[in-house]
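S.K.: Here it is: the structure, laid out below.
Taken together, the values in this text are just the output of simple stated rules run on the coordinates, not laboratory data. As the structure is a prediction and not an experimental result, all values here were calculated from the model. With ideal geometry, Cβ positions are generated from the backbone for all residues, glycine too; neighbour counts draw on all protein chains shown.
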Amino acid sequence: MTTVLTLPVLLPMLGAAVTVLGSRRAALQRVVGVVVLSVVAVLAGVLLVVADERGPIVTQLGGWAAPVGIALVADRLSALLLLVSTLVTLAVLVYAIDQRIADYGRGTASTTFHPMYLMLCAGVSLAYLTGDLFTLFVAFELMLTASYVLITRRTNASRIRAGMTYVTVSLLSSLLFLTAIALIYAATGTVNLADLAGRIGTLPSGLRSVLGLMLLVVFGIKAAIVPLHFWLPDSYPNAPGPVAALFAGLLTKVSFYALLRTQTLLFTRDEPWTLLLVLAVATMLVGALGALVQNDLNRLLSFLLVSHIGFMLFGLAVFDAAGVAGAALYAAHHITVLATLFLVSGLITRRTGTVALDRMGGLARSAPWLAVLFAIPALTLAGMPPTAGFVAKLALLEAGAAAGVDTRIVAGVVIMASLLTLYALVRVWVRVFWGKPCAPLPDEDDADEVVVGTARSSVPMYVATGLLVAVSLAIAVFAGPLTALTARAGADLVDPVSYRTAVLGGRASR
Amino acid sequence: MTMTMTVTMNPVTINVVMALTVGVLYAVGFTLLLSRSLMRVLIGVVVLGHGTNLLLQLAGGPPARPPIVGTAPPESFADPLPQALALTAIVITFALTTFLLALGYRAFVLVGHDEVQDDVEDRRIARQKVPSAPLEAGDGEEDVEGADDEVEAAAARGRDGS
């Protein structure tokens, strides 16, 4: 079992190495990518089942026991998110491969796409599985460095601008993360999360608040919490379709996972966190209101992405088992639904030749399948019953209603933000799918990667998008067992005794 | 120039000169990060990275205590772990500096300068305040292109000015 824990990180890395070596053999690259991610998905499923039955699985790397060595830990939360994330990366990879085949033919290999994609997946797996603060930093760097390359590939002027903003902001947050690690190490003498959980409690409360807030700022920048969200709607819409879907699905959620893990493990509190409640309200409203005035489809989705980060923050801010469980369920659903919407947006853009909503129309008649593929994730994101979004929002609202007066007020904002989301998406529906059909616009920029204004979308691209829709429908169908699972995960997070005992063994009592 | 303060278990001696150096590096780094030219941003990241790495080193104890077995009793070693962490961080910062350099060069080739341009959306919002340039509903795309030209013009002005 302990070897299995290293494979979700090692396999994508080895796969990346193989795709670099075979950079002229397109078929090899595709097979390696899909096989590696499929195996990781199966392993993540196994980890989830075992972690749920027997408690957290721990591997001490290099034979040094924690807190000296580096520990990899898979508990219910990390295994669940790893499973969902890998399913999403797999579907997005299939979509990207098929888009490439449709645009350039079977023969063209890519020297950068496949290696960087797999490195990003390795970084994501490591971020979920690590039990060590510094390794978390390395995982983020692995993930972000790959994402820098992916967002600036095949550059044109607008992509360079987006890339600059994205890289600079991410670098700044990484350096702040490193600063926080240095201060935490100076204060406690350890970077092992389980060990820190015991030691940080003994620090003076002022120092503890400073360290907690530094980590909040660091992950707040990466997870696009208002007012630290400004970089996201500037950079994501300029990325190529599948890359935007990958980023929207994963990167912000991995950061939210890191926030959830560090705050619940290191900075435990007994009552709702007022600061985070305020930030959650701001994030929900700024994101939803920003989405209402957008004319660019991808930009609109980016603002909705920001808005729904606020929903997860609300779950964490409630800071009891139910709230954290709701946040975990919401994160799992959010990863799939946002990736799906960005993939659908890519399909729409290919067909219409534009991202401007006012230049589209009539797609419901000319592309009915596209309408179905958009409608299901849109209703899911807005939280209409009986979709997965409804299940996740219900979990959050129940937690908020039970916790106290101020969380009840914020629960009202949650409902309002959901309605605003619905309104923004209905606006998209009316503009894009109803009305008079518009002729596809010609491709203005042949040099960039995005081929637009063509009905030449291959069937597998639709199938890959449909697979993701199926995953989010599965979350709705298995809502009962999943809610029970996240409830157990939430209880683990709020009272991390099993996590600490699993990592530290007998020394946990210190 | 040294003072001692007790944190949790062991007394940690903090060198005021080193602390000030870290502070100055952070201040310079953040100031440079706020500028528009990507070269300045790059130098800002480098300086900020140095500040962070120095801070990591300081977390391991005062300077001039190499953790080499046999040269001194283990009690007077510096903590070797932060040095290992700093080494990793230096490698990462170095790699990303190279990447930023390549990005800056690419921007120079494509756009002719390496200045971060205005956000098109911010431009649109800024223009909504001016009564002489009202924004009509539904002309988003044209407006966006117009804003691009303005950004170019502004960037050109900035170049001439500097």
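S.K.: Which length gain, in nm to one decimal place, applies between B:Ala126 and B:Leu101 when the Cα-Cα distance is subtracted from 0.36 nm times their residue separation?
M.R.: Details: separation 25, 0.36 × 25 = 9.00 nm, distance 3.14 nm.
Contour length minus Cα-Cα distance gives 5.9 nm.
S.K.: Okay, moving on. About the Cα centre of segment A:1-120, what is the dipole size in debye to 20, counting +1 per Lys and Arg Cβ and -1 per Asp and Glu Cβ, all else neutral?
M.R.: Numbers: 7 positive and 5 negative charges, 82 e Å.
Dipole of segment A:1-120, to the nearest 20 debye: 400 debye.
S.K.: Bin by bin, in steps of 10 Å, what percent of the Cα pairs in segment B:8-120 do you find, going until the bin that has the longest distance?
M.R.: All Cα pairs, binned at 10 Å, distribute as 13, 33, 27, 16, 8, 3, 0 percent.
S.K.: Another question, if that's okay. In segment A:1-160, if the dipole is taken from +1 on Lys/Arg beta carbons and -1 on Asp/Glu beta carbons about the Cα centre, which of A:Tyr128, A:Ile57, A:Leu21 is farthest to the positive end?
M.R.: Selected residue: A:Leu21.
S.K.: Find the centroid of the Cα atoms in segment B:59-84 and in segment A:96-155, then give the distance between the two in whole Å.
M.R.: 38
S.K.: Moving on. Roughly what would the spin-label model give for A:Ser158 and A:Thr268, points 7 Å off Cα along C-beta, in nm?
M.R.: With each label point 7 Å from Cα toward Cβ, the separation is 5.0 nm.
S.K.: Work out the length of the dipole vector of segment A:249-402 about its Cα centre, built from +1 on the beta-carbon of each Lys and Arg and -1 on the beta-carbon of each Asp and Glu, and round it to the nearest 20 debye.
M.R.: Values: 9 positive and 6 negative charges, 122 e Å.
So the magnitude is around 580 debye.
S.K.: Let me ask something additional. Which one, A:Val46, A:Met119, A:Ala102, projects farthest toward the positive side of the charge dipole computed for the protein assembly as shown from Cβ point charges (K/R +1, D/E -1)?
M.R.: About the Cα centre, the residue reaching furthest to the positive side is A:Val46.
S.K.: Still on this structure, I have one more. Relative to the compact-globule scaling 2.2 N^0.38 Å, provide the ratio for the alpha-carbon radius of gyration of chain A.
M.R.: Details: Rg = 21.7 Å, N = 510, 2.2 N^0.38 = 23.5 Å.
Relative to the 2.2 N^0.38 Å estimate, chain A comes out at 0.92.
S.K.: Can I ask one more? Could you work out the local net charge near A:His334, counting Lys and Arg as +1, Asp and Glu as -1, over the other residues with Cβ closer than 14 Å to its Cβ? Intermediate results must be reported in sequence, preceding the final value.
M.R.: On the way: positive: A:Lys253, A:Lys393; negative: none.
Here the charged neighbours net out to +2.
S.K.: Determine the dipole magnitude for the protein assembly as shown: charges of +1 sit on the beta-carbon of Lys and Arg, -1 on that of Asp and Glu, nothing else is charged, the reference point is the Cα centre, and the result goes in debye to the nearest 20. Intermediate values should be presented prior to the final figure.
M.R.: Values: 42 positive and 43 negative charges, 213 e Å.
Around 1020 debye, computed over the protein assembly as shown.
S.K.: A further question follows. Multiply the residue gap between A:Ser23 and A:Ala491 by 0.36 nm, knock off their C-alpha separation, and tell me the result in nm, one decimal place. Mind dumping the intermediate values first?
M.R.: Details: separation 468, 0.36 × 468 = 168.48 nm, distance 4.64 nm.
Net length gain for the segment: 163.8 nm.
S.K.: Is it possible to state the helix-based mean residue ellipticity at 222 nm for the protein assembly as shown, with each DSSP H run of 4+ residues giving -39500 (n - 2.57), the sum divided by total residues, to the nearest 500 deg cm²/dmol? What is it?
M.R.: About -24500 deg cm²/dmol.
S.K.: What order do you get for A:Thr262, B:Thr97 when you list them from fewest to most C-beta neighbours inside 10 Å?
M.R.: Values: A:Thr262 23, B:Thr97 16.
Arranged by neighbour count, lowest to highest, A:Thr262, B:Thr97 become B:Thr97, A:Thr262.
S.K.: Would you please calculate the Kirkwood hydrodynamic radius of segment A:136-240 over all C-alpha pairs and express it in Å, rounded to one decimal?
M.R.: On the way: mean 1/r = 0.0661 Å⁻¹.
Value: 15.1 Å, from the Cα pair sum.
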